[in-house]
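Undergrad: Below is the structure I would like to discuss, written out as structure tokens.
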Amino acid sequence: MTALELAGRLHKREMRVLDALSEAQKKTQALNPSVNAVTEWEETETLRAAEQAQKRIDEGKPLSPLDGVPIGVKDLICIKDRRTSCASRMLADYVSPYDATAAAHLKAAGLLLPARCNMDEFAMGSTTETSVYGPTRNPWDLTRSPGGSSGGSAAAVAAGMLPAAIGSDTGGSIRQPAAYCAVTGMKPSYGAVSRYGLVAYASSLDQIGPFGGDAADCAALLDILAGPDGRDATCSGLPAPCFPALSGDVRGIRIGLPREYFGEGLDEEVRARILEAADIFRELGADVEECSLEGLDLAIPAYYVLACAEASSNLSRYDGLKYGYRAEDAETPDSLYRRSRTEGFGREVRRRILLGSFVLSAGYYDAYYKKAKAARALIRRGFDAAFRTFDLLLCPVAPSTAPRLGESLQDPLKMYLSDIYTVSVNLAGLPGLSLPCGLDGQDLPVGMQLIGPRFRDELVLRAGDAFQKHTRFHLNKPEVKRA
Amino acid sequence: MEFEFGREDLKRLQELSRLDIPEGEEEQTLTELRRILAFMERLSAVKDADEEGSMPVGALRADEPAPAFDREALMRNAKRKKDGAYLAPQTVE
């Protein structure tokens, strides 16, 4: 059941909010030992919120189309008086004194936030294996990764524990796990959703977004999440709501297939599924044509230079003093900083901080950081040129289907390269929707990506919704093996 | 071609980053950083742009005083504190 379908049942009083919550909890208790998608289930406050939602529904005054629906929240979005650990030893016992704006919006819309979802430590990873809570496993095949870094959010929705979840996407961390788990996930335009209270990784790239059963769920959730916020200077909200734009019609929409995204390194079966999806768009009346998109070869190095540089700066706040892990018996401030950070951060986080310090250091700044910024401008110009001819772009989310657990940890560069089709969207600040478009020969999900111009999130979601109204790929669900 | 990145560079980075490579991980970290930095070398082909690659900032909020956070609530996550202040190791002899 999608989040909107569940809300429909709740609002028609065919089901009670407490029963929906209890069902989600039972399913999570049954499947989480296998999947490890949810790291904490909060009962007290959630039960109170559920009772209040039921009261509003009984009075015919729901706060939003999703009032009363329980969802998961990635463990890096602050919820007042709840633990926000970023799946790190560094913040293992951090309790947030405030709500992130996104969390406040969700609460104000009546959603229930019982579940904290697993993730890569500080969102640094593409497989949800760097978590201090252990890896999340893909509900489609428990020997495989669900993708990352929002792997817990994607897996919880795919396994049917929760109808929807919130994640964050710095270089593909919503879209790639959505693709690996056959759920729908949206990375909104940069500036659509406030990041106040989102634990920062790379601030010029980070964006909060939804996972749901379909594009309509994502539109309804994004309408709740988006909005200007004086506490995030980059956030202006969206010019128009997304849900009312879901007309089911793509006739006349011009969709480009960037040939660079279908080149060497792309799995043949993934390529085939995306091209089949392109044919479906043609049948639905869209004009689909090949096009060229400059800058793909620079995307990974530019992204990792900028993301690591920003990470090294953002994570300098963890000093062992104000909050977070504090090493015992340090005798000087310097040894307190060094030991707390060495013992509190995991290996991938340490690696990215070191890389970031390197590219920002004297003698290397011009060769790496400045060049990466120039590459970013070039990539952005490439998209601008494509969107002069096309309304949307259609391409793969990842070069292959979900990798086996453990494979990526042995080779970080290989893991970075798997982000090839997603990072450009963050570098250009664009909206990107990941949605299922079939399975490969091993019955593993394949995802496709629709990219739109900045602040045309409604158009991206409209196209995704139209596709899903005419296909059944998003209805494929895994049979999760129980531990 | 491997990037000329040696033990001294790694030591300097640890200083800059205020963190240490745990014992036994140094060799592997060196190898990984060399590979990653060598891959990033392909950026050298990019011409410097006049245009900034930064993300635009939206409208700033009005510069008006507003209530700040509750100090006690903010300090609740500190491991060691005394009289409303964070406790740090001695900085002056």
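Since every read-out is calculated from the coordinates, none of them should be taken as a lab result. Source: prediction; values computed, not measured. Neighbour counts are summed over all protein chains in view; Cβ atoms, including those assigned to glycine, are modelled from backbone coordinates with ideal geometry.
Undergrad: Can you give me the pair-distance distribution of the protein assembly as shown, C-alpha pairs, 10 Å bins, whole percents?
TA: Reading the bins upward from 0: 4, 18, 29, 28, 15, 5, 1, 0.
Undergrad: Still on this model: Quote the convex hull volume per residue of chain B, based on C-alpha atoms, as a whole number of Å³.
TA: Taking only Cα atoms, chain B has a hull volume of 268 Å³ per residue.
Undergrad: Here's something else I'd like to know. What FRET efficiency would be calculated for the residue pair residue A:240, residue A:297, taking the C-beta separation as r and a Förster radius of 41 Å, to the nearest 0.05?
TA: Between residue A:240 and residue A:297 the formula returns 0.75.
Undergrad: Okay, moving on. How big, on average over all directions, is the shadow cast by the Cα convex hull of the stretch A:1-129, in nm²?
TA: 8.1 nm²
Undergrad: Near the amide H of residue A:287, under 5 Å away, which other amide H atoms are found, from residues 5 or more places off or on another chain, if H is placed in the peptide plane?
TA: Answer set, sorted by chain and number: A:252, A:253, A:254, A:255.
Undergrad: State the Cα centre-to-centre distance between the stretch A:311-375 and the stretch A:136-168 in whole Å.
TA: Here the two parts' Cα centres lie 29 Å apart.
Undergrad: What distance in nm separates the simple spin-label points at residue B:85 and residue A:143, each placed 7 Å from Cα in the Cβ direction?
TA: Here the answer is 6.0 nm between the modelled labels.
Undergrad: Can you compute the charge dipole magnitude of the stretch A:288-390 about its Cα centre, using +1 on each Lys and Arg Cβ and -1 on each Asp and Glu Cβ, nothing else charged? Give it in debye, rounded to the nearest 20.
TA: That gives the stretch A:288-390 a dipole magnitude of about 180 debye.
Undergrad: Taking every DSSP beta bridge that has both residues in the protein assembly as shown, what percent is antiparallel when rounded to the nearest 5?
TA: DSSP beta bridges in the protein assembly as shown are roughly 70 percent antiparallel.
Undergrad: Averaged over A:328-339, how many beta carbons belonging to a partner chain fall within 10 Å of each residue's beta carbon?
TA: Average per residue, whole number: 3.
Undergrad: Of the beta bridges DSSP finds with both residues in the stretch A:1-136, what % are antiparallel, to the nearest 5?
TA: The antiparallel fraction comes to roughly 50 percent.
Undergrad: Can you list the trypsin sites (Lys or Arg not before Pro) in the stretch A:379-483 that are in a DSSP coil and have 11 or fewer other beta carbons within 10 angstrom?
TA: Of the trypsin sites (Lys or Arg not before Pro), the ones in loops of the stretch A:379-483 whose Cβ has at most 11 other Cβ atoms within 10 Å are A:472, A:482.
Undergrad: Here is a further query. Please report, in debye to the nearest 20, how large the charge dipole of the protein assembly as shown is about its Cα centre when each Lys and Arg carries +1 at its beta carbon and each Asp and Glu carries -1 there.
TA: 1020 debye
Undergrad: So how far apart, in nm, are the two label points at residue A:482 and residue B:70 if each is 7 Å from Cα heading toward Cβ?
TA: Taking the two extended label points, one gets 4.3 nm.
Undergrad: Determine Rg/Rh for the stretch A:271-336; Rg is computed over alpha-carbon atoms and Rh is the Kirkwood hydrodynamic estimate from the same atoms.
TA: 1.41
Undergrad: Further, regarding this structure: What's the FRET efficiency of residue A:12 with residue A:56 using the Cβ-Cβ distance as r and R₀ = 25 Å, to the nearest 0.05?
TA: Plugging the Cβ-Cβ distance into 1/(1 + (r/R0)^6) gives 0.95.
Undergrad: Could you work out how much longer the chain between residue A:417 and residue A:233 gets when fully extended? Use 0.36 nm per residue separation minus the Cα distance between them, nm to one decimal.
TA: Result for the pair: 63.1 nm of gain on full extension.
Undergrad: While we're here: Kindly state, to the nearest 0.05, the FRET efficiency for residue A:407 paired with residue A:385, given R0 = 45 Å and r defined as their beta-carbon distance.
TA: The formula returns an efficiency of 0.80 here.
Undergrad: Based on C-alpha coordinates, I'd like the Rg and Dmax of the stretch A:122-181, in Å.
TA: In order Rg, Dmax, the Cα atoms of the stretch A:122-181 give 10.0, 26 Å.
Undergrad: Roughly how large, in nm² to one decimal, is the mean projection of the convex hull of the alpha-carbon atoms in the stretch A:73-226?
TA: 7.6 nm²
Undergrad: Mind pulling the per residue volume of the convex hull built on the Cα atoms of the stretch A:219-308? Å³ is fine.
TA: Roughly 169 Å³ of hull volume per residue.
Undergrad: Report relative contact order for chain A in percent, whole number only (criteria: Cα-Cα under 8 Å, sequence separation at least 6).
TA: So the answer I get is 19 percent.
Undergrad: Past 18 Å, Cα to Cα, is the threshold; run A:373/B:47; A:107/B:79; A:74/B:81; A:74/A:187; A:55/A:107 against it and keep the listed order.
TA: In this structure, A:107/B:79; A:74/B:81 exceed 18 Å between Cα atoms.
Undergrad: Multiply the residue gap between residue A:272 and residue A:22 by 0.36 nm, knock off their C-alpha separation, and tell me the result in nm, one decimal place.
TA: 85.9 nm
Undergrad: Right, next: Using a Gaussian network model of chain B whose springs link C-alpha atoms within less than 10 Å, name the residue from B:22, B:67, B:56 with the highest mean-square fluctuation.
TA: B:67
Undergrad: Here's a follow-up. Charges only on Cβ, +1 for Lys and Arg, -1 for Asp and Glu: so what's the dipole of the stretch A:192-249 about the Cα centre, in debye to the nearest 20?
TA: Approximately 240 debye in magnitude.
Undergrad: Hey, can you grab everything whose amide H is under 5 Å from the amide H of residue A:39? Only 5+ residues off in sequence or another chain; H modelled, so Pro and N-termini drop out.
TA: For residue A:39, whose amide H was placed from the backbone, the distant partners under 5 Å are A:116, A:117, A:118.
Undergrad: Once the dipole of the stretch A:282-333 is set up with Lys and Arg at +1 and Asp and Glu at -1 on Cβ about the Cα centre, which of A:309, A:293, A:327 lies farthest towards its positive end?
TA: Looking along the dipole axis, the top candidate is A:327.
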